There are 2 protein chains.
Amino acid sequence: MPDFATLAEFRALLAAAPGCDQSARAAAEARNDTLTKPLHALGRLEEIAVWVAGWQGTDRPRIERPQVALFAANHGVAAQAVSAYPAEVTAQMVLNFEAGGAAINQIAASVGARLTVRALDLDRPTGDFTQGPAMTEAECVAALRIGWEALEPGTDLLVPGEMGIGNTTAAAALATALLGGDAGDWVGRGSGVDDAGLARKVAAVAAGLDANPEARADPLQALRCLGGREIAAMAGAIAAARVARVPVILDGYISTAAGMVLARAVPGSLDHAQAGHQGAEAAHRAMLAALDLDPILSLGMRLGEGSGAAIAIAVVRAACACQSGMATFGEAGVSG
Amino acid sequence: MPDFATLAEFRALLAAAPGCDQSARAAAEARNDTLTKPLHALGRLEEIAVWVAGWQGTDRPRIERPQVALFAANHGVAAQAVSAYPAEVTAQMVLNFEAGGAAINQIAASVGARLTVRALDLDRPTGDFTQGPAMTEAECVAALRIGWEALEPGTDLLVPGEMGIGNTTAAAALATALLGGDAGDWVGRGSGVDDAGLARKVAAVAAGLDANPEARADPLQALRCLGGREIAAMAGAIAAARVARVPVILDGYISTAAGMVLARAVPGSLDHAQAGHQGAEAAHRAMLAALDLDPILSLGMRLGEGSGAAIAIAVVRAACACQSGMATFGEAGVSG
């Protein structure tokens, strides 16, 4: 059971988490330089493998039990008509996840990842943040705890995913609160709103910032006031992975926003995460840059569900396979 | 057995190959628009799935038996000191492939692809193209036939890969002959030559073009005069895939050069291929652009062996899994 009952205790737990194993990381780098390939010829794969090595505490990292942890929730701000889809689609899609019919079901199976799905109080949307806080502290902590507990024992790579009509608006509000700028800098078309919908999203984010002045002052208050249950659950799962030294691949705009909350709440707390892909939501690029994250893939995806990051699992697994399975020049008798 | 004994017969066979199944492609597009996701939210994945659908002749494409067909050969031009490695490394690496110790062994296993390895006359390098043709027509046809035969029955996605000390120089010579410009436009550091080595590569390519005037006039003559056995074998495998309507993922600079020969010899003959990744060899970008190919991945890799394209197999498989396995809005009862 997670050992926190308040946001302050959550922050303290995160702040106390150990860093990566620097000696394993160094050993992985040294081994990498002896493998049968021109130096650094595997490019980003080598960086990824060394990064995983540090978090797994071995110079021979492996990805054998990746998990896509999917969370779904409903948002009060959906009442502001900020999505191209009605709010009931969240629950309908949860049934689709459970029946195996969604994109993430196919992608997770394709890359050999377990998919866990957790719906959070779908019949109880968060408060409309244009009017006041989305969640009480108790509600936010409950969602963080659900996420924390979703990290399964044995998971060696975590992808947090989400579904929640209205949640690109919540992510944009979080970005505005934590990264600065105006609402218009962080709002995009999400699942496909028209120009009028885009204007409503900008207005909703601006109103949300006005209605929740504490959001700019404290990242965890921003999560409580502007986030949603699935965003808090992703943050909880990412935090649990940080404490357990499990590497994380962030997905698109909303998943990255959950990571951003942690990175801004406790410096260094997102060091165990990489960006799985560059989402098509325009502001995702700026958010990744603010977090100093370089996406592994860029496939024009804008679905969420953890779908882009789940594909990146295949890249991370291949990177670790090379790091751990390749022969050295000496072993293979190749002239280096 | 491949039905050609001359370059002219090879060209004729390629020119007679049928195109993709346009009705299957259209059916795949129509199905894609009904799947439980916002329209086009899977970005490049949707394009890939529809492309595979056309070549597989079904609206529900699947990747179940991908093959990485690796070819190795030695180059006479290696005598011009154009590589950071001695020529014996080609044979040493073939032993490494056969022992399972190379990067491509790990990557192929990681993505669930079969790896086939074929060494072509390693003790008999091609002629040094700075002095005259690299191959006779008989030698070039023999290599094309070996590649053609390497495509295994049942393969539903082909990645051609290569190993051959000196072969980035051959690929640069092919690019200069077929795409125009000067030698310096197409030469890069390959596996890691220093500035003096780079200058020797430029000089070798320029000399190769001077010594083989027929190379600029005919793409298949360019292959014979400036290519190598592994490059011809990759071209043969890609051509066999074209005739069998098997989609292909090209790897880096040398693999792409093999595809370029076909595309320039017979327009449309590379329509069944996509670029797996953007290699770090600088001229690869220009070559891909000349062929109107947009790389699926960009991971800073520069290894060859089919390694980058093999990782892209995971993307293509996931794309097809979504196309074929997802529920429609109607099936899932989701409000579209």
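Any idea which of A:A318, A:A258 is open to solvent by less than 10 Å² (accessible area, probe 1.4 Å), under 17 Å from A:A17 (Cβ atoms) and of a type in the set (G, A, S)?
Of the residues listed, the single one that is open to solvent by less than 10 Å² (accessible area, probe 1.4 Å), under 17 Å from A:A17 (Cβ atoms) and of a type in the set (G, A, S) is A:A258.
Between B:V243, B:V248, the distinction of being more than 20 Å from B:E137 (Cβ to Cβ) and touching a strand residue (DSSP E or B) at 6+ places or on another chain (Cβ under 9 Å) belongs to B:V248 only. The helices (runs of 4 or more DSSP H) falling completely within region A:6-67 that include 3 or more residues that are small (G, A, S) and out of contact with any Pro (no Cβ under 6 Å at 6 or more places or on another chain) map to A:7-15, A:22-32. Filtered by the rule that a residue be more than 8 Å from chain B (Cβ to nearest Cβ) and of a type outside the set (G, A, S), region A:289-307 gives A:L291, A:D292, A:L293, A:D294, A:P295, A:E305. Restricting A:A289, A:A310 to residues that are assigned to a helix (DSSP H, G or I) and either of a type in the set (K, R) or without any contact (Cβ under 8 Å) to a residue 24 or more places away in the chain (or both) narrows the list to A:A289.
Listed by first and then second residue, the pairs with beta-carbon distance under 6 Å, at least 6 apart or on different chains, first residue in region B:261-278 and basic (K, R), second open to solvent by 10 Å² or more (accessible area, probe 1.4 Å), are B:R264/B:L178; B:R264/B:P219. All conditions but one from (1) outside any helix (DSSP H, G or I); (2) in contact (Cβ under 8 Å) with a residue 60 or more places away in the chain; (3) out of contact with any helix residue (DSSP H, G or I) (no Cβ under 8 Å at 6 or more places or on another chain) apply to B:V94; the one that does not is (1). Applying the condition of being open to solvent by 10 Å² or more (accessible area, probe 1.4 Å) and away from every other protein chain (no Cβ under 12 Å) to region B:62-74 and asking which residue is farthest from B:E152 (Cα to Cα) yields B:N74.
Scanning for something touching a residue at least 24 places away in the same chain (Cβ under 8 Å), within 14 Å of chain A (Cβ to nearest Cβ), surrounded by 21 or more Cβ atoms within 10 Å (Cβ to Cβ) and in a helix (DSSP H, G or I), does region B:111-121 turn up at least one residue? Yes, there is a match, as at least one residue in region B:111-121 is touching a residue at least 24 places away in the same chain (Cβ under 8 Å), within 14 Å of chain A (Cβ to nearest Cβ), surrounded by 21 or more Cβ atoms within 10 Å (Cβ to Cβ) and in a helix (DSSP H, G or I).
Just wondering, is there one or more residues in region B:28-43 that are within 14 Å of chain A (Cβ to nearest Cβ), within 25 Å of B:I254 (Cβ to Cβ) and open to solvent by 10 Å² or more (accessible area, probe 1.4 Å)? No, the conditions are met nowhere in region B:28-43. Taking the numbered list (1) under 25 Å from B:Q278 (Cα atoms); (2) assigned to a helix (DSSP H, G or I); (3) open to solvent by 20 Å² or more (accessible area, probe 1.4 Å) in turn, B:E139 passes all entries but (1). Yes or no: A:T126 more than 14 Å from every other protein chain (Cβ to nearest Cβ) and either assigned to a loop (DSSP other than H, G, I, E, B) or hydrophobic (A, V, I, L, M, F, W, C) (or both)? So A:T126 passes the test. Of the set (1) more than 30 Å from B:C322 (Cα to Cα); (2) crowded, with 18+ Cβ neighbours inside 10 Å, all apply to A:S83 but (1). Restricting region A:325-336 to residues that are closer than 19 Å to A:D59 by Cβ and at the interface with chain B (Cβ under 8 Å from one of its Cβ atoms) leaves a set whose member that is nearest to the chain's Cα centre (by Cα) is A:G325. Among all positions in region A:90-108, there is no residue which is under 23 Å from the mean Cα position of the chain (by Cα) and more than 11 Å from chain B (Cβ to nearest Cβ). Give me the residue from region B:271-286 that is out of contact with any His (no Cβ under 8 Å at 6 or more places or on another chain), part of a loop (DSSP other than H, G, I, E, B) and at pLDDT 95 or above and, out of that set, surrounded by the fewest Cβ atoms within 10 Å (Cβ to Cβ). Among those residues, the one meeting the criterion is B:D271.
So which of B:A183, B:A170 is farther than 30 Å from B:R25 by Cβ and over 18 Å from the mean Cα position of the chain (by Cα)?
B:A183
Looking at region B:152-170, which of its residues are buried (at least 24 other Cβ atoms within 10 Å of the Cβ) and of a type outside the set (V, I, T)? B:L157, B:L158, B:P160, B:G161, B:E162, B:M163, B:G164, B:G166, B:N167, B:A170 - these are the residues of region B:152-170 that are buried (at least 24 other Cβ atoms within 10 Å of the Cβ) and of a type outside the set (V, I, T). If the condition is being out of contact with any helix residue (DSSP H, G or I) (no Cβ under 7 Å at 6 or more places or on another chain), open to solvent by 10 Å² or more (accessible area, probe 1.4 Å) and touching a residue at least 60 places away in the same chain (Cβ under 8 Å), then region B:211-245 contributes B:A211, B:A244. Exactly one residue among A:A310, A:A257 is of a type in the set (A, V, I, L, M) and away from chain B (no Cβ under 14 Å), and that residue is A:A257. Name the single residue that is farthest from A:L262 (Cα to Cα) among those in region A:191-210 being small (G, A, S) and open to solvent by 10 Å² or more (accessible area, probe 1.4 Å). Ranking the qualifying residues of region A:191-210, first place goes to A:A196.
The values are calculated or read from the model by the stated rules, or taken from the named source; none is laboratory data. Everything numeric here is computed off the predicted structure, so don't read it as measured data. Cβ atoms come from the backbone with ideal geometry, glycine included; neighbour counts cover every protein chain shown. Each accessible area value is taken on the protein alone, full model and side chains, heavy atoms only, with ligands, DNA and RNA left out. Shrake-Rupley method; radii C 1.70, N 1.55, O 1.52, S 1.80 Å.
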